[in-house]
Amino acid sequence: MEVILLERVNKLGQMGEVVTVKDGFARNFLLPQKKALRATETNKAAFEADRVRLEAENLERKTEAEKVAAAMVGVKVIMVRAAGESGQLYGSVSSRDIADAVTDAGVKVARTQVNLDRSIKTLGLHDVVISLHPEVSETVVVNIARSEDEAEVQFSTGSAVVASEEAEFDENEFAAEEAEEGAEEAAAEEAGEEAEEATEE
């Protein structure tokens, strides 16, 4: 299907361009979102007649988005979540969660503006792109940790706080040593009791 773009669409074209797209993409996304019109002769003429107003409106929205982007520079959000020792979350963080967290940090954004291909399921620092306008976007750092203290450590080190294989090995080795010492103590106690019994007899 041929459509006229009413705004810049990433990887597709600029406002006013006539492009060919799949019918499903046009019907399910571009047309209902008012990002494009069917490229009929009537619509082409209407667009050209209205081009100046549409471009002025787009410039105004872009200017507003640039102001929001400037306020968003350096924004880091902390999200406390339950997770296992390996860093795997018990659940996940969605675009809605991130939108709410960024809004709580002082910059109002909608879920649809958060560019997230899939939910986040691990601890750590995640760069998330927020699309404020077809031509304006900003990246925020989403810090997912088990506590505020862990979040601070992650900000300073740049990596997730998870149990390393070496630490797990040390813990296992320590547990084995403790068990061995416990067995030796138990054997010594048993030998002492036997000696006492023999003395009494």
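With +1 assigned to the C-beta of every Lys and Arg and -1 to the C-beta of every Asp and Glu, and no other charges, what is the dipole magnitude of region 58-118 about the Cα centre in debye, to the nearest 20? Here region 58-118 has a charge dipole of around 100 debye.
Compute for region 76-157: radius of gyration divided by Kirkwood radius, i.e. Rg/Rh, restricted to C-alpha atoms, rounded to two decimals.
With Rg and the Kirkwood Rh in hand, the quotient comes to 0.97.
Footprinting exposure proxy ranking of VAL142, VAL75, fewest other C-beta atoms within 10 angstrom first, gives VAL75, VAL142.
What's the local net charge at PRO134, with K and R +1, D and E -1, over the other residues with C-beta under 14 Å away? Don't skip to the answer; put the middle values down first.
Values: positive: ARG8, LYS11, LYS34, LYS35, ARG61, LYS62; negative: GLU7, GLU17, GLU55, GLU57, GLU60, GLU64, GLU66, GLU135, GLU138.
Net charge around PRO134: -3.
Sorted from longest to shortest, the spans of the Cα atoms of region 2-72 along the three principal axes equal 40, 27, 18 Å. Applying 1/(1 + (r/R0)^6) with R0 = 22 Å to the Cβ-Cβ distance of PHE155 and ASP100, what FRET efficiency is obtained, to the nearest 0.05? That pair, PHE155 with ASP100, gives E of 0.60. Magnitude of the charge dipole for region 52-168, about its Cα centre and with charges confined to Cβ atoms of Lys, Arg (+1) and Asp, Glu (-1), is about 500 debye.
No value in this document is a laboratory result; all are computed from the given coordinates. Quantities reported herein were computed from a predicted structural model and do not represent experimental measurements. All Cβ positions, even for glycine, are placed from backbone atoms using ideal geometry, and neighbour counts span all protein chains on display.
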